[in-house]
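Taking it in order: structure first as structure tokens, then the write-up.
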Amino acid sequence: MGVKVTFVQADGVEKTFDDVATGQSLMEVGRFNNVEGIMGDCGGSCACATCHVYVTPEWQAAVGPADDIEVATLDMVSDLFKSNSRLCCQIQLREELNGIRVVVAPSL
Ligand code: FES
């Protein structure tokens, strides 16, 4: 069974996808579905920060914190960094994230 994910683009447009397969990253879902602002230039290897999102407060605990490598890459977008910043290529979809909602960070 798939999960539901919602991206809120920087322009305010919400894109919701139902029945998304688990086991892939949130970045892959966003890029495949042309969510504005999710480029995923490095292919998901945590090296480009073009998949920067803000995890909405109700989902932060389930998603968990960024690891040290991700924090270092997020430094590339330090002007836009917030305490709920994550690189969505590092968020693997699993059943507990059914309904997750993230806000796409603006581009630099
Ligand atoms: S796709 Fe490059 S850091 Fe996420």
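One table, with the values for the structure above:
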| item | result |
| --- | --- |
| Residue of M76, M27, M39 that the Gaussian network model of the chain assigns the largest fluctuation, springs spanning Cα pairs under 10 Å | M76 |
| At most 10 other Cβ within 10 Å, DSSP loop - GluC sites (Glu not before Pro), the range 19-108 | none |
| Unit charges on C-beta of K, R, D, E only; dipole of the chain, Debye | 120 |
| Sparse-neighbour loop sites [trypsin sites (Lys or Arg not before Pro); the range 1-100; at most 12 other C-beta within 10 Å; DSSP] | K82, R94 |
| Mean-position separation - Cα centroids, the range 85-108 and the range 26-53, in angstrom | 10 |
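Readers should treat all values here as calculations from the given coordinates under stated rules, not as data from a laboratory. These numbers were taken from a predicted model, which means no experiment stands behind them. Virtual Cβ from ideal backbone geometry, glycine too; neighbours counted across all protein chains shown.
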